[in-house]
Amino acid sequence: MLRDLVLDIVRALVDHPAAVKVDERYEGEYLHLEIHVSPEDMGKIIGRGGKIARALRTVVKAASLRENQKVLVDIL
């Protein structure tokens, strides 16, 4: 569910939605979501001063509270 949420949000933000990939892996009690986008779209995902990346992490953290899961979001 969280992976799909991130995928939908990121695809709406970028110019090349087909290039978006979100990998998930578990490390202990944490779920790591790794976002891969095309190099041209990296600035759109990070945003000026990291505002969009911070907002994305906030939304994912709020959604993860419903599932009692700890989540880390990485943009690669």
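Derivation of every value follows stated rules applied to the coordinates shown; laboratory data play no part. Note that the structure is a prediction, hence the values are computed from the model and not measured. Cβ atoms come from the backbone with ideal geometry, glycine included; neighbour counts cover every protein chain shown.
Apart from one condition, V22 fits all of (1) of a type in the set (V, I, T); (2) assigned to a helix (DSSP H, G or I); (3) under 11 Å from L2 (Cα atoms); the exception is (2).
This table checks each residue for (1) touching a helix residue (DSSP H, G or I) at 6+ places or on another chain (Cβ under 9 Å); (2) surrounded by 11 or more Cβ atoms within 10 Å (Cβ to Cβ); (3) not in a helix (DSSP H, G or I).
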position	(1), (2), (3)
V10	yes, yes, no
A18	yes, no, no
M42	no, yes, no
R54	no, yes, no
V60	yes, yes, no
V71	yes, yes, yes
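Quick one: in region 20-40, of everything that is within 19 Å of T58 (Cα to Cα) and of a type in the set (D, E), which residue is surrounded by the most Cβ atoms within 10 Å (Cβ to Cβ)?
Of all residues in region 20-40, those within 19 Å of T58 (Cα to Cα) come to 22-24, 29-36.
Retained after the next criterion (residues that are of a type in the set (D, E)): 23-24, 29, 34.
Values: D23: 12, E24: 12, E29: 7, E34: 15.
The selected residue is E34.
Taken over region 1-42, the criterion of being free of Cβ contacts under 8 Å to residues at least 12 places away in the same chain and among the aliphatic types (A, V, I, L, M) is satisfied by A12, A18.
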